[in-house]
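Scroll down for the structure; my scribbles are underneath it.
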Amino acid sequence: MALVLRPPNLFQPFTTTARDRYPEELACMRDALAHLPPDGLRLLSFGCASGEELLTLHEQFPEARITGIDVNPLALRAARRRINEAAAGHLVSLVRAGDAEGEPEAAYDAVLAFAVLRHGGLNDAPPTCTAMLRFADFERTVTGLCRAVRPGGIFAIRHANFRFTDCAVAAGFEPVRTGFPSVSAIGPTPVYGRHDELLDVALRDDGLYRRRA
């Protein structure tokens, strides 16, 4: 049971999710990908949990091939059931993993990490996050996710406990849109620095970024 509760590279231990949680972000992503043929799109949802985000993506991008990654086998089982009920299995695939190291390089038009690179236990904003998360693990995971984004593609990150622009890999990306609300139904999202120290939430930088060609 412990392996399920705390698998390697687990960030968010809570699997709370819902359909259509990010309408502004997905609308912005649609605009950013509008120049590409819809039947050729490839999307990756990291931390897909029990499948609600995958179904939302399938509704928004009905011709896209979508991969969902999650480290929790129970959540993936629920996601697979939902995908099958929606008859979307020919376009949506699931992978159990804690990172994107097994994904091909530069294979995706968009990679999403929404409310997964965070820990709900940090909502009270302790002065350091080291008891739950560390920036080094965040940067390593984000680097792998960004490796999977094709040149010109989108990396979308929301409600992370760290800043994307603190990662070295961010030098290869340019902002499309940032400044989305930092508080949502999942509660406040404090932000921490490279040394795991609490920062002013005004320094948050999450949003959509385009990989430079």
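Annotations for the structure displayed:
- Counted over the chain, the DSSP beta bridges are approximately 40% antiparallel.
- Student exercise, segment 103-202 dipole from Lys, Arg, Asp, Glu Cβ charges, in Debye to nearest 20: 140
- Cβ-based charge dipole, segment 56-213, positive-most Cα from Pro181, Tyr209, Pro127: Tyr209
- Within the chain: Cβ-based charge dipole about Cα centre, in debye rounded to nearest 20 (Lys, Arg +1; Asp, Glu -1): 320
- Other residues lying with their Cβ under 11 Å from the Cβ of Phe61 contribute a combined charge of -1, Lys and Arg counting +1, Asp and Glu -1.
- Radius 12 Å from Cβ of Glu103, net charge of other residues (Lys, Arg +1; Asp, Glu -1): 0
- With a cut-off of 13 Å between beta carbons, the residues surrounding Gly179 carry a summed charge of -1, where Lys and Arg count +1 and Asp and Glu -1.
- Nearest-20 debye value, segment 130-176 charge dipole, Cβ charges on Lys, Arg, Asp, Glu: 120
Since every read-out is calculated from the coordinates, none of them should be taken as a lab result. Being a predicted model, the structure only gives us computed values, none of them experimental. Because the Cβ atoms are built from the backbone with ideal geometry, glycine has one as well, and the counts that use them run over all protein chains shown.
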